[in-house]
Amino acid sequence: METTIDQARVEEVLNMIRPALQRDGGDTQLVGIEGAIVKVRLVGACSSCPSSTYTLKLGVERQLKAMIPEIEEVISV
């Protein structure tokens, strides 16, 4: 059975993360959800930051997985 992740729940968690990203001149956009994989786009300062991989995995992914355990991975597209 395929996991269904509610887009509204993902947006809710992203809204909790956004202020920290925006303080550094960046942001994140939800691009889509495929099964248990959430696709996001880092924008603004985050799109070209050398630490964007860490931001994605240690910040965005960690928080999303903590709040929505069904998520297996968060990838940047």
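Every number here is computed from the coordinates shown, using simple stated rules; none is lab data. Fair warning: this is a prediction, and the values are worked out from it, not measured in the lab.
Here are a few things to note about the model shown:
- Overall Cα dimensions of the chain, principal axis frame, Å, largest first: 39, 20, 18
- Note: relative contact order over region 1-62, using C-alpha pairs below 8 Å and six or more positions apart, is 28 percent.
- Scanning residues 5 or more positions from Thr28 or on other chains, those with amide H under 5 Å from its amide H are Val43, with H placed 1.01 Å from N in the peptide plane.
- Computed [θ] at 222 nm, helices only, for the chain once each DSSP H run of length n ≥ 4 contributes -39500 (n - 2.57): -10000 deg cm²/dmol
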